[in-house]
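Undergrad: This is the structure I want to talk about, given as structure tokens.
The values are calculated or read from the model by the stated rules, or taken from the named source; none is laboratory data. Quantities reported herein were computed from a predicted structural model and do not represent experimental measurements. Cβ sites come from the backbone with ideal geometry, for glycine too, and all protein chains shown count toward neighbours.
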Amino acid sequence: MVNNVARLEAKSLELWYGKFQALRGISLVIPQNQVTAIIGPSGCGKSSLLRCFNRMNDLIPGSSVKGQVLFDGRNIYAANIDPTEVRYRIGMVFQKPNPFPKTIFENVAFGPRVNSFIGDLEEIVERALHRAALWDEVKDRLYKSAMQLSGGQQQRLCIARALALEPEVILMDEPCSALDPVATLKIEDLMKSLAENYTIVIVTHNMQQAARVSDMAAFMMMEEDRAGVLVEYGSTSKLFTNPKDKRTEDYITGRFG
Amino acid sequence: MKNGSAFQRHLRVRQITGYINGTLFFLATLTGIIVLIVLIADVFKDSVGWLDWQFITSYPSRKPQEAGLLSAMFGTLWVMALTALFSFPVGIGTAIYLEEYAPDSRLRRLIQTNINNLAGVPSIVYGLLGLALFVQALSLGRSVLAGALTLTLMSLPVIIIAAQEAIRSVPESYRLGAFALGSTRWQVVRHIVLPNAVPGILTGTILAMSRAIGEAAPMIAISALVYLTFIPVSPMDRFTVLPIQIFNWVSRPQEGFWHLAAAGIIVLLFVLLTMNAAAIVLRNRFQKRTEE
């Protein structure tokens, strides 16, 4: 059931932090309405790659990008593209839940508000919370602080916050690494159901998670002092059962990493 | 090797050492408290019978019984209001620029070092600067405005540093979260950074104001009056402030004026404590608002 409509495409993508090269010639196509997992050992550059997709690396002083990231056929690094526009069309969920110290309602309403949304704010907030499978748990305390939610609820709130902007792609940077197994399971179920309407890219160091939730998988690694190498990319079932590259096989069978 | 022989525990010695140190720290704390109590008690004793309504509503006079600090109190209010008006926006604006906008360049570091050093410059130096710059070069005269601008210069470094620290204490993850939702840098500052930094900024700025209110030296340097028999009605009027009035009374030979000085100190302390209390109330209110 792999479909081939490209949603995001990296072309010979290179990333530097100052003199340190974090990504080397990455080319891959991320298909629409699928979950694509980026796996690999710590420091291999998978989060850096993810942050290239919504230009979050721009916020790190000294970073520079070469190559292209095509989104709907347009290079998001072209001179006439405002990174702010990229970021509201491509949402992001971070490793540690980072709700704002505001009410639950205000957290979800934040994106629509800053982007001058003029429709029914309450409706959009409710819809986003429904989609993030959080509505039933918070509907009676929308105007209480988001900081009082549990870690798993906070992370689903962050997903709802991203969904409120109706993004086309959602990037998730190890979204479960700070959560317990039950909360992790909920987020994974959520990812699978969200993939019906959204394109999802997830970075994870948890290979079981990648195998459980993703349709496509990319394996990255660092060799000696060369970080940011894309070793293998393909459908998850193939990558996990019949890897082409010896290094992929070693990693997924637990021989290193 | 067995544990017991390798570790010489000396538990008793360690406990005694801890106890002695704790006691020393307690005594150190006590020193400050005792000095404060003695000071306040002494001032109160001296002011008994002098701190009354007549004292607060009268102009200075050659006769201690008829003298009051009306003009000094209004002068202080004038100067502080203008100082706050000038130093809040400039100080907070500078802090926002340095923390949120300025790229990490040599220039930024130079500015930062400069500000840090300015915070340590003695207040009399600011007074002399105010005299040369505002009173003379800009021909503002020995006016309320010149005094307020001088105190603004003096307070700015402290306000900037306090505001910077408050801004820096806002977690980076909030900023990233807001950026990822398509906020512009100004929206991140306006909706995320400032609301969370306000309690710290308020505390820092009001403490800076409290320090400025008690400064006599820079006001003497720009020659604020000591014998003023009118209330300033415009920023260009001449003025006096509480610390100068108190200083003047203390230096008089007649005993009556010493009592007036003590009463003046009580008024000054009262204004100071009120401002600090306001800082605490404001901080608590904003903190509650962000946490709920």
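Undergrad: Go through segment B:93-118 and give me each residue that's among the hydrophobic types (A, V, I, L, M, F, W, C), touching a Lys or Arg at 6+ places or on another chain (Cβ under 7 Å) and part of a helix (DSSP H, G or I).
TA: Result: B:98, single match.
Undergrad: Residues that are at positive phi, at least 1 per element: which strands (runs of 3 or more DSSP E) completely within segment A:1-79 meet that?
TA: Values: elements: A:6-17, A:20-31, A:35-39, A:63-71.
The strands (runs of 3 or more DSSP E) meeting that bar are A:6-17, A:20-31, A:63-71.
Undergrad: Please count how many residues of segment A:218-239 are more than 22 Å from residue A:8 (Cβ to Cβ) and either surrounded by 20 or more Cβ atoms within 10 Å (Cβ to Cβ) or of a type outside the set (D, E, K, R) (or both).
TA: Going through segment A:218-239 one residue at a time, the tally reaches 1.
Undergrad: Being among the hydrophobic types (A, V, I, L, M, F, W, C), in a loop (DSSP other than H, G, I, E, B) and at pLDDT 85 or above narrows it down to one of B:35, B:121, B:90, so name that one.
TA: Values: B:35 fails: in a loop (DSSP other than H, G, I, E, B); B:90 fails: in a loop (DSSP other than H, G, I, E, B).
On inspection, the qualifying residue turns out to be B:121.
Undergrad: Find the residue count for segment B:196-209, including only residues that are within 8 Å of the chain's Cα centre (by Cα) and either surrounded by fewer than 19 Cβ atoms within 10 Å (Cβ to Cβ) or of a type in the set (A, V, I, L, M, F, W, C) (or both).
TA: 4
Undergrad: Just the residues that are surrounded by 18 or more Cβ atoms within 10 Å (Cβ to Cβ), more than 17 Å from the chain's Cα centre (by Cα) and small (Gly, Ala, Ser), please, taken from segment A:68-110.
TA: A:109
Undergrad: Under 30 Å from residue A:72 (Cα atoms), of a type outside the set (Asp, Glu) and in a helix (DSSP H, G or I) - does that describe any residue in segment A:174-189?
TA: Our first condition is that a residue be under 30 Å from residue A:72 (Cα atoms); within segment A:174-189, this holds for A:174-176, A:187-189.
Those left that are additionally of a type outside the set (Asp, Glu): A:175-176, A:187.
Checking the rest, the ones that are also in a helix (DSSP H, G or I) come to A:187.
Taking every residue of segment A:174-189 in turn, at least one turns out to be under 30 Å from residue A:72 (Cα atoms), of a type outside the set (Asp, Glu) and in a helix (DSSP H, G or I).
Undergrad: May I pose another question? Kindly indicate whether residue B:249 is more than 14 Å from chain A (Cβ to nearest Cβ) and in contact with a His (Cβ under 9 Å, 6 or more places away or on another chain).
TA: Considered against the rule, which asks whether it is more than 14 Å from chain A (Cβ to nearest Cβ) and in contact with a His (Cβ under 9 Å, 6 or more places away or on another chain), residue B:249 comes out as yes.
Undergrad: Answer yes or no as to whether residue A:129 is in contact with a helix residue (DSSP H, G or I) (Cβ under 6 Å, 6 or more places away or on another chain), under 21 Å from residue A:54 (Cα atoms) and not in a loop (DSSP other than H, G, I, E, B).
TA: Answer is no for this residue.
Undergrad: Same structure, new question: Tell me which residues, restricted to segment B:236-292, are surrounded by 13 or more Cβ atoms within 10 Å (Cβ to Cβ), aromatic (Phe, Trp, Tyr) and assigned to a helix (DSSP H, G or I).
TA: B:247, B:249, B:257, B:258, B:286
Undergrad: Still on this model: Could you give every pair whose Cβ atoms fall below 7 Å, whose first residue belongs to segment A:90-113 and is at the interface with chain B (Cβ under 7 Å from one of its Cβ atoms), and whose second residue is of a type in the set (Lys, Arg) and assigned to a helix (DSSP H, G or I), counting only separations of at least 6 or pairs across chains?
TA: A:110/A:161; A:111/A:161
Undergrad: Considering only residues of segment A:151-173 that are facing chain B (nearest Cβ under 10 Å) and in a loop (DSSP other than H, G, I, E, B), which is nearest to residue A:129 (Cα to Cα)?
TA: Top of the filtered list is A:164.
Undergrad: Hey, can you tell me all the residues within segment A:46-62 that are in contact (Cβ under 8 Å) with a residue 12 or more places away in the chain and within 13 Å of another protein chain (Cβ to nearest Cβ)?
TA: Once the filter is applied, which keeps residues that are in contact (Cβ under 8 Å) with a residue 12 or more places away in the chain and within 13 Å of another protein chain (Cβ to nearest Cβ), segment A:46-62 yields A:47, A:50, A:51, A:53, A:54, A:55, A:56, A:57, A:58, A:60, A:62.
Undergrad: Still on this model: Kindly indicate the residue of segment A:135-150 that is part of a helix (DSSP H, G or I), over 18 Å from residue B:176 (Cβ atoms) and not acidic (Asp, Glu) and also nearest to the other protein chains (Cβ to nearest Cβ) among those meeting that condition.
TA: Result: A:148.
Undergrad: Also: Count, please, the residues in segment A:69-89 that happen to be more than 8 Å from chain B (Cβ to nearest Cβ), free of Cβ contacts under 8 Å to residues at least 24 places away in the same chain and not charged (D, E, K, R).
TA: 8
Undergrad: Among the residues of segment B:182-189, is any more than 16 Å from the chain's Cα centre (by Cα), polar (S, T, N, Q), in a helix (DSSP H, G or I) and within 14 Å of chain A (Cβ to nearest Cβ)?
TA: Yes; the residues of segment B:182-189 include at least one that is more than 16 Å from the chain's Cα centre (by Cα), polar (S, T, N, Q), in a helix (DSSP H, G or I) and within 14 Å of chain A (Cβ to nearest Cβ).
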